[in-house]
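*Asks:* Have a look at this one.
The values are calculated or read from the model by the stated rules, or taken from the named source; none is laboratory data. Note that the structure is a prediction, hence the values are computed from the model and not measured. Backbone-built Cβ (ideal geometry, glycine too); neighbour counts: all protein chains shown. Each accessible area value is taken on the protein alone, full model and side chains, heavy atoms only, with ligands, DNA and RNA left out. Shrake-Rupley method; radii C 1.70, N 1.55, O 1.52, S 1.80 Å.
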Amino acid sequence: QVQLVESGGGLVQAGGSLRLSCAASGRTFSNYAMGWFRQAPGKARDFLARINRSGGITSYAGSVQGRFTISRDNAKNMVYLQMNSLKPEDTAVYYCAADRSPVYSERDGDFDYWGQGTQVTVSS
C-alpha cells in the first residue's frame with residue numbers, strides 16, 4: 001500500500017503560479033513511477049504529467065507542456081507539480097497517483113494508488 005496526500009492547491013489569478021506537492025508513505029517510494037491528473041466538474045479525469053522512478057524521465061500532456069513541470073525527491077518521498085501561466089481552464093481537482101509498473105502509461109486505470117485530490121481554481 002502507498003498513501004498519497006496532495007497539498008498546495010488554492011485560488012490564483014490567471015497568469016499566476018502554484019506548486020502542488022504530494023507526500024507518499026508506505027511502500028518504497030522509489031519503486032513507483034508517479035503521475036499527476038486533474039478532473040474538472042462534469043469531465044473525465046485527464047493525464048497531465050508522469051515521472052519515472054528515478055526522476056530522470058518526464059512526459060506531459062500537450063495542454064500543459066511548457067507550463068507545468070513534474071519533479072520528485074525520492075529522499076523525501078515527495079512529488080511536485082510546478083504550474084506556471086495558469087489559465088481559467090486549468091481549474092480542476094488535481095490528483096497525484098503512483099504506478100508500480102515500469103511500463104509507460106498515461107491511463108488512469110493503470111495507476112495503482114491515488115491521493116484524495118486538491119482543488120485548484122484559476123480566476124480570470
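*Asks:* Return the residues of region 65-88 that are touching a residue at least 24 places away in the same chain (Cβ under 8 Å) and either farther than 17 Å from residue 18 by Cα or not in a strand (DSSP E or B) (or both); say none if nothing qualifies.
*Replies:* Result: 74, 77, 84, 85, 86, 87, 88.
*Asks:* Right, something else. Would you point out the residue of region 102-122, among those that are among the small types (Gly, Ala, Ser) and open to solvent by less than 40 Å² (accessible area, probe 1.4 Å), that is nearest to residue 43 (Cα to Cα)?
*Replies:* 117
*Asks:* Being open to solvent by 60 Å² or more (accessible area, probe 1.4 Å) and part of a strand (DSSP E or B) is the filter; apply it to region 18-42 and report the residue that is farthest from residue 89 (Cα to Cα).
*Replies:* Here is the first cut: in region 18-42, the residues open to solvent by 60 Å² or more (accessible area, probe 1.4 Å) are 19, 26-28, 31, 39, 41-42.
Filter once more, so that each one left must be part of a strand (DSSP E or B): 19, 26, 39.
Details: 19: 17, 26: 34, 39: 11 Å.
Looking at residues that are open to solvent by 60 Å² or more (accessible area, probe 1.4 Å) and part of a strand (DSSP E or B), I get 26.
*Asks:* Sticking with this structure for a sec: From the list 109, 62, 56, which one is free of Cβ contacts under 8 Å to residues at least 12 places away in the same chain, within 24 Å of residue 13 (Cα to Cα) and not in a strand (DSSP E or B)? Outline the logic, then answer.
*Replies:* On the way: 109 fails: within 24 Å of residue 13 (Cα to Cα); 56 fails: within 24 Å of residue 13 (Cα to Cα).
Matching residue, one of 109, 62, 56: 62.
*Asks:* Which count do you get for residues in region 43-53 that are assigned to a loop (DSSP other than H, G, I, E, B), hydrophobic (A, V, I, L, M, F, W, C) and either in contact (Cβ under 8 Å) with a residue 12 or more places away in the chain or in contact with a Ser or Thr (Cβ under 6 Å, 6 or more places away or on another chain) (or both)? It would help to see each step written out before you state the result.
*Replies:* Looking only at region 43-53, we keep the residues that are assigned to a loop (DSSP other than H, G, I, E, B), and these are 43-44, 52-53.
Subset that is hydrophobic (A, V, I, L, M, F, W, C): 44.
Pick out the ones that are also either in contact (Cβ under 8 Å) with a residue 12 or more places away in the chain or in contact with a Ser or Thr (Cβ under 6 Å, 6 or more places away or on another chain) (or both) and you get none.
Selection size over region 43-53: 0.
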